[in-house]
Amino acid sequence: MNMEFLSQYKLYLDAINDALEKEFSVPDLAQKQVFEAMRYGVLGGGKRIRPVLTMAVSDMLGGSRADALRVGCAVECIHSYSLIHDDLPCMDDDDLRRGRPTCHKVFPENIALLAGDGLLNRAFELLSDKRPYERMRADAVLAVIRAVSGASGAYGMIGGQVIDLSCENRTDVTLPLLQELHAKKTGALIRVSALCGCLCAGILDETDKKYQKILQFSAKLGLAFQIKDDILDVIGKEDVIGKPVGSDAKSHKNTFVTLMGQEAAEKELQRLTEEAKAALSGMEDTAFLLSFAEYLLNREY
Ligand code: GRG
């Protein structure tokens, strides 16, 4: 990976981690435990790809760095909440996340559930609290709130999760349904992260050429991200149990790898990454986003 990209990515990461660290101090209140669980959920690792997208798109289009950081952190709160809830026993029932015990393994399950809820609300507090924005006008802030709440809700991420639950152990899931599932479950938040970058930079018109290009870029990137995740999942499981996902007769997992086969999934990942990059053609200062697409293609976790 080129050094310029890596040092810029690190700059974004440091800014995001510092801002989250400050936002999530633990007050000495009777309900202290939920703040501790929220802090645990939002800090401690993560690639921060969603706030990085917001900041990179905003930077590219001339938005304020401070405003984009604030918006990006709000999106990361929502992402962190979704991970806490997704790991709960009533969902995926996972013990590990980002190499550490999941939130409900460290805190009581009811507190982990409430910490997820707390993070969701905190995202909107962060967007709408009384601290002034550096450059964003009220209509842009409202557009961010509208876009983020829509992408996280039942038409977006939650909708995708519901489709996912309805697909569990089914053997008749088609590729278009799997694509729709992931366009909502993971894709909606990735798309809105990038589009928030446009909103931070004052591009509110959805028919604007730049907005449309960023939408295309992030839609392709979101799907590519999920395919890569499915491929990494197979590699991880092969390492652990010596056989690929899907070969277990007791459970059928619907992933891009099980539906398309690994080779086709890898080709599709390449194709979507190229299409994402091509969507930016004609725009200026795209170097970081082009490298970011490559970084996601080649990532190992
Ligand atoms: C339960 C409300 C609710 C929603 C669940 C998005 C989602 C819907 C669940 C997340 C669980 C999951 C494993 C989704 C697949 C997409 C994925 C790989 C998410 C992890 O995102 P990364 O890789 O995580 O960006 P880091 O740790 O880097 O932040």
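The values are calculated or read from the model by the stated rules, or taken from the named source; none is laboratory data. The structure displayed is predicted, hence computed values, not measured ones. Positions of Cβ are backbone-derived with ideal geometry, glycine not excepted, and every protein chain shown enters the neighbour counts.
When you look at VAL192, is it more than 10 Å from the ligand (Cβ to nearest atom), of a type in the set (A, V, I, L, M) and more than 22 Å from the chain's Cα centre (by Cα), yes or no? The answer is no for VAL192. Within the stretch 68-76, does at least one residue satisfy the condition of being within 16 Å of the ligand (Cβ to nearest atom), over 18 Å from PRO132 (Cβ atoms) and either buried (at least 22 other Cβ atoms within 10 Å of the Cβ) or in contact (Cβ under 8 Å) with a residue 60 or more places away in the chain (or both)? Checked the stretch 68-76: at least one residue is within 16 Å of the ligand (Cβ to nearest atom), over 18 Å from PRO132 (Cβ atoms) and either buried (at least 22 other Cβ atoms within 10 Å of the Cβ) or in contact (Cβ under 8 Å) with a residue 60 or more places away in the chain (or both). All told, GLY63 meets the bar of being among the small types (Gly, Ala, Ser), assigned to a loop (DSSP other than H, G, I, E, B) and either away from the ligand (no atom under 12 Å from the Cβ) or out of contact with any helix residue (DSSP H, G or I) (no Cβ under 9 Å at 6 or more places or on another chain) (or both). Total residues in the stretch 81-130 satisfying the condition of being free of Cβ contacts under 8 Å to residues at least 40 places away in the same chain and in contact with a Gly (Cβ under 6 Å, 6 or more places away or on another chain): the figure is 1. Does the stretch 44-60 contain any residue that is out of contact with any helix residue (DSSP H, G or I) (no Cβ under 8 Å at 6 or more places or on another chain) and among the aliphatic types (A, V, I, L, M)? Checked the stretch 44-60: no residue is out of contact with any helix residue (DSSP H, G or I) (no Cβ under 8 Å at 6 or more places or on another chain) and among the aliphatic types (A, V, I, L, M). Scanning the stretch 160-173 for residues that are modelled with pLDDT of 95 or more, of a type in the set (Val, Ile, Thr) and more than 10 Å from the ligand (Cβ to nearest atom) turns up ILE163, VAL173. For GLN226, the conditions (1) more than 11 Å from the ligand (Cβ to nearest atom); (2) in contact with a His (Cβ under 6 Å, 6 or more places away or on another chain) are fulfilled apart from (1).
More than 21 Å from GLY44 (Cα to Cα), more than 16 Å from the ligand (Cβ to nearest atom) and touching a residue at least 12 places away in the same chain (Cβ under 8 Å): is that true of MET157 in this structure? When the stated conditions are applied, MET157 does not pass them. Scanning the stretch 1-43 for residues that are acidic (Asp, Glu) and either at pLDDT below 95 or assigned to a loop (DSSP other than H, G, I, E, B) (or both) yields a single hit, ASP28. Here THR286 fulfils each of the conditions (1) under 16 Å from ALA194 (Cβ atoms); (2) modelled with pLDDT under 95 apart from (2).
The residues of the stretch 86-122 that are touching a strand residue (DSSP E or B) at 6+ places or on another chain (Cβ under 7 Å), within 12 Å of the ligand (Cβ to nearest atom) and not polar (S, T, N, Q) amount to a single one, ASP87.
If you go through the stretch 125-136 one residue at a time, do you hit one that is on the phi > 0 side of the Ramachandran plot and more than 14 Å from the ligand (Cβ to nearest atom)?
no
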